[in-house]
1. Of all residues being of a type in the set (Asp, Glu) and open to solvent by 10 Å² or more (accessible area, probe 1.4 Å) in region 122-164, which is nearest to the chain's Cα centre (by Cα)? Just the residue, please.
2. Which condition number does Lys102 fail, the rest of (1) on the phi > 0 side of the Ramachandran plot; (2) open to solvent by 30 Å² or more (accessible area, probe 1.4 Å); (3) out of contact with any Pro (no Cβ under 9 Å at 6 or more places or on another chain) being met?
3. State the number of residues belonging to region 23-73 that are assigned to a loop (DSSP other than H, G, I, E, B) and either under 21 Å from Leu236 (Cβ atoms) or of a type in the set (A, V, I, L, M) (or both).
4. If I filter region 104-151 down to residues being touching a strand residue (DSSP E or B) at 6+ places or on another chain (Cβ under 9 Å) and polar (S, T, N, Q), which single residue comes out as farthest from Asn56 (Cα to Cα)?
5. In region 199-209, is there at least one residue being open to solvent by 30 Å² or more (accessible area, probe 1.4 Å) and in contact with a His (Cβ under 6 Å, 6 or more places away or on another chain)?
6. Run down Pro141, Pro185 and say which single residue is assigned by the TED database to the domain that holds Glu82 and touching a His at 6+ places or on another chain (Cβ under 7 Å).
7. Give the number of residues within region 85-105 that are part of a loop (DSSP other than H, G, I, E, B) and either polar (S, T, N, Q) or without any contact (Cβ under 8 Å) to a residue 12 or more places away in the chain (or both).
8. Evaluate region 79-88: report whether one residue or more is touching a helix residue (DSSP H, G or I) at 6+ places or on another chain (Cβ under 6 Å), open to solvent by less than 30 Å² (accessible area, probe 1.4 Å), modelled with pLDDT of 95 or more and farther than 19 Å from Phe32 by Cα.
Amino acid sequence: MAKSLLMTSSLSSRTKLLQLTGVSLYNTSHGFHEEEVKKKLQQFPGGSVDLQKGDNGIGILTLNNPSKMNAFSGVMMLQLLEKVIELENWTEGKGLIVRGAKNTFSSGSDLNAVKALGTSEDGVALSMFMQNTLTRFTRLPLISVALVQGRALGGGAEFTTACDFRLMTAESEIRFVHKEMGIIPSWGGASRLVEIIGSRQALKVLSGALKLDSKKALNIGMVEEILQSSDETKSLEEAQEWLMQFINGPPEVIRAMKKSVCSGKELYLEEALQNERDLLGTVWGGPANLEAIARKGKFNK
């Protein structure tokens, strides 16, 4: 009986965590003090995280620090959280493309910040901050795509795993270089990589610090497609065309679909089913549903 009650309580907490917008993994009960971390990160300026929201429902999130291969400065980490919060409240949004400026994705963390935050306590606090941010990112009701141009290294490689899909240009690469830095992935990249390519492949990729060129990444299931063009502008256009096939429809339907998939991925079956039921209630009998019924063309396009 006690075990059953404990399980019910645990499941309810998991469901609430997933359903509530803006809820993070860690708080003060875990020894995480967000404002203190923010003050430290503010000391390391450089670059920016830029967001464009299109009328077509596609947002473009750009990591913009080209002089350092779009490495994340402390300020950029703060800005990423700000953009995630903005996207959580973008009710017209359906899709998101993440890219790096000047034809490269990201080389991970800016070493100036890494060197200054050199204690184990600092490392764990930074891990909590970025895991909070990227978990909220993965739970966005938007279908997200990482457009990998150039190199995605370290934390940059981890960020690609937070997206629903990954596309690469022919000459690009993804590489988890953490072992060579004497650490392991800490932004949630290892856990998400296992989900994407399986534990055996993930162990090879991480322990070997393997260079995943576009063909190898496609072969192991890390990416969906290799784009035709490596030109910065044209590859972005290709990525938008690729994404459009999945977000063609009313925002409320696409967003509910993404939420239901998140439930299936993160919750136990009974809770996922209940969440799916609740999400259905937000669209059944809605404008898109009634219009589709009126057309009487269930499978016609």
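1. Looking only at region 122-164, we keep the residues that are of a type in the set (Asp, Glu), and these are 122, 158, 164.
Filter again for open to solvent by 10 Å² or more (accessible area, probe 1.4 Å), leaving 122, 164.
Values: Asp122: 23, Asp164: 7 Å.
The extreme case among them is Asp164.
2. Result: Lys102 passes all but (3).
3. Initially, region 23-73 is screened for residues assigned to a loop (DSSP other than H, G, I, E, B), giving 23-27, 31-33, 42-47, 54-57, 65, 69-71, 73.
Remaining after also requiring either under 21 Å from Leu236 (Cβ atoms) or of a type in the set (A, V, I, L, M) (or both): 23, 25, 47, 54-57, 65, 69-71.
Total satisfying the criteria: 11.
4. So the residue we want is Ser109.
5. Initial filter on region 199-209 (open to solvent by 30 Å² or more (accessible area, probe 1.4 Å)): 199-201, 203-204, 206-208.
Going one step further and asking which of them are in contact with a His (Cβ under 6 Å, 6 or more places away or on another chain), we end up with none.
Checked region 199-209: no residue is open to solvent by 30 Å² or more (accessible area, probe 1.4 Å) and in contact with a His (Cβ under 6 Å, 6 or more places away or on another chain).
6. On the way: Pro141 fails: touching a His at 6+ places or on another chain (Cβ under 7 Å).
Exactly one of Pro141, Pro185 is assigned by the TED database to the domain that holds Glu82 and touching a His at 6+ places or on another chain (Cβ under 7 Å), namely Pro185.
7. Let us first name the residues in region 85-105 that are part of a loop (DSSP other than H, G, I, E, B), namely 89-94, 104-105.
Now restrict to residues that are either polar (S, T, N, Q) or without any contact (Cβ under 8 Å) to a residue 12 or more places away in the chain (or both): 89, 91, 104.
Residues that pass the stated criteria total 3.
8. For region 79-88, residues touching a helix residue (DSSP H, G or I) at 6+ places or on another chain (Cβ under 6 Å), open to solvent by less than 30 Å² (accessible area, probe 1.4 Å), modelled with pLDDT of 95 or more and farther than 19 Å from Phe32 by Cα: present.
The values are calculated or read from the model by the stated rules, or taken from the named source; none is laboratory data. Here the structure is a predicted model, which is why all the values come from computation and not from measurement. Neighbour counts run over all protein chains shown; Cβ positions are idealised from the backbone, glycine included. Surface areas here come from the heavy atoms of the whole protein model, side chains and all, with no ligands, DNA or RNA. Shrake-Rupley method; radii C 1.70, N 1.55, O 1.52, S 1.80 Å.
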